[in-house]
Amino acid sequence: MKVGFYGHVRQYHNIKAEIDKNMQEVMESGAFVMGPMLKRFEKELADYHGLKHSVGVNSGTDALWLAFMGLGIGPGDECITTTNTFFATAEAIWIAGATAVFVDSDPTTNNLDPAKIEAAITPRTKALVPVHLYGQCADMKAIRQIADKHKLLVIEDNAQSIGASGDGFRIGELSDAVCLSFIIQKNLGTFGDGGAVVTNNSALDQEIRRMRNHGSLKRSVHSYGFNSRLDDLHAGIISAKLKHIDDWNDLRRARAARYSAGLAGATTITLPTELPGYRHVYHLYVVETKNPAHRDQLLQYLQDNDIDAKCHYPIAIHQQEGYPWGKEARIVGEIPNSERNAARCVSLPMFPELTEAELDYVVEKVLEWEKTVA
Ligand SMILES: Cc1ncc(COP(=O)(O)O)c(C=O)c1O
């Protein structure tokens, strides 16, 4: 059996008529950039979050730096985040001209550890940037409390966890802006790149609208800006998919539960933890090998058995060659949890269309591998 890491084509086939209809609507309308489909999708996305505004941009990375810049974050300012995230979180801080300040992640969730934040705050600190890693929310209540105490902004990097929620909070409820990625492999992904910023802050909404369109809110009238628009074809595709996101996340959760039940007896790996009261949407199902030397062995074993397992992210940002490339960066305290996660993580195939037979085959092969090292 061959088990792929993604189910993009299966997903397309399952809702082909809905996607094709929206794409055709855009093509027949003749409006491909900043047209009615984008407008419609932006409203749907804002409504989905229960927030006032959503602005489509051309990637999750752009969503982050446009949000930073739109909130006035720039040179001389510091943003606190973690190093065990996708590279773009830090990259966006640097693109905005600010300093990336890294603290350790929580050992259980791998999300920004609120207990490590205050030691990193200086008079230059402007924002906290929690990443909802793998599908589970960071502890936004604790993060908001610290932000309020020190008068800081909070920008959620929610490239991975649309539809997740925490114990008594929703995404977007406790922050200044939520940044999403719609790159194909995300829980809500288009056939290419896309992103959005969702916010209740009307001034931020307007500023990002201006910046994403060459500094223009009115034809031929410009101030300094960029080109970072979400094309209407992508908006149509994501609009069709948005109607299914909660069901698809439920399917991910059911598949995660089957993995966790099948692997419950494994002794050489730790399984992902869902915090009580949280809705984890399993963008990724990440196990960690207890012995870091086992990580590449497990990965190789799965790949040798036609299972496309991957690592997210095997080289933490501060471990990348050349870090920090002349950019402003600071690590506060030790960050053993971020480093542990990077050294031991293995992502098993996870997508809503994964069949039970495929899932059980992955479980069988992980347990078979375990016998070779136990
Ligand atoms: C946590 C995180 N932040 C930011 C991004 C950047 O998104 P994009 O690839 O759409 O630029 C991604 C995904 O790619 C991500 O996983």
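Rg then Dmax, both in Å and based on the Cα atoms of the stretch 233-287: 14.5, 47.
A straight chain from A261 to S220 at 0.36 nm per residue would run longer than the Cα-Cα distance by 8.8 nm. Taking the DSSP beta bridges with both ends in the stretch 126-195, the antiparallel portion is around 35 percent. Can you bin the stretch 308-355 into rounded, prolate or oblate? Criterion: square roots of the alpha carbon gyration tensor eigenvalues sorted a ≥ b ≥ c, rounded for a/c under 1.5, prolate for a/b above b/c, oblate for the rest. Prolate is the answer for the stretch 308-355, as a/c is 1.5 or above and a/b outweighs b/c. Going by the alpha-carbon gyration tensor, a ≥ b ≥ c the square roots of its eigenvalues, is the stretch 38-90 rounded (a/c under 1.5) or, if a/c is not under 1.5, prolate (a/b greater than b/c) versus oblate? The shape class here is prolate. Dipole of the stretch 188-339 computed with +1 at Lys/Arg Cβ and -1 at Asp/Glu Cβ about the Cα centre; of N337, A309, H283, farthest Cα towards the positive end is H283. Peptide packing: for 235-242, 150-157, 112-119, the average count of neighbouring Cβ atoms within 10 Å per residue gives the ranking 235-242, 150-157, 112-119, highest mean first. Only Lys, Arg, Asp and Glu carry charge here, each on its Cβ (+1 for the first two, -1 for the last two); on that basis the stretch 1-53 has a dipole of about 200 debye about its Cα centre. Packing here is the average count of other Cβ atoms within 10 Å per residue, and on that basis the peptides 69-80, 288-299, highest first, run 69-80, 288-299.
For each pair in K43/K218; K16/K39; K21/K141; K2/K327; K149/K327; K151/K327, compute the distance between the two Cα atoms and list the pairs where it is over 32 Å. Cα-Cα > 32 Å for K21/K141; K2/K327; rest within.
Projection of the Cα convex hull of the chain, averaged over all directions and equal to a quarter of that hull's surface, yields 18.5 nm². A simple spin-label model places the labels of L251 and I315 3.4 nm from each other, with each point 7 Å out along Cα-to-Cβ.
Placing unit charges on each Cβ (+1 for Lys and Arg, -1 for Asp and Glu) gives the chain a dipole about its Cα centre, and among G262, Q300, G189 the Cα reaching farthest toward its positive end belongs to G189.
DSSP beta bridges confined to the chain are antiparallel in about 55 percent of cases. Local charge sum around Y48 (other residues, Cβ-Cβ under 10 Å, Lys/Arg +1, Asp/Glu -1)? Counting the neighbours of Y48, the net charge comes to -1. If only the Cβ of Lys and Arg carry +1 and only the Cβ of Asp and Glu carry -1, the dipole of the chain around its Cα centre is close to 760 debye.
As a length-normalised measure over Cα pairs under 8 Å and 6 or more apart, the relative contact order of the chain settles at 24 percent.
What part of the accessible area of the stretch 1-109, given as a whole %, is carbon or sulfur when the probe is 1.4 angstrom? Carbon and sulfur atoms account for 58 percent of the accessible area of the stretch 1-109. Largest first, the residues R144, R258 sort by 1.4 Å accessible area into R258, R144.
The values are calculated or read from the model by the stated rules, or taken from the named source; none is laboratory data. All values reported here derive from a predicted model rather than from experimental measurement. When we count neighbours, we look across all protein chains shown, and the Cβ atoms used for this are built from the backbone with ideal geometry, even at glycine. Surface areas here come from the heavy atoms of the whole protein model, side chains and all, with no ligands, DNA or RNA. Shrake-Rupley method; radii C 1.70, N 1.55, O 1.52, S 1.80 Å.
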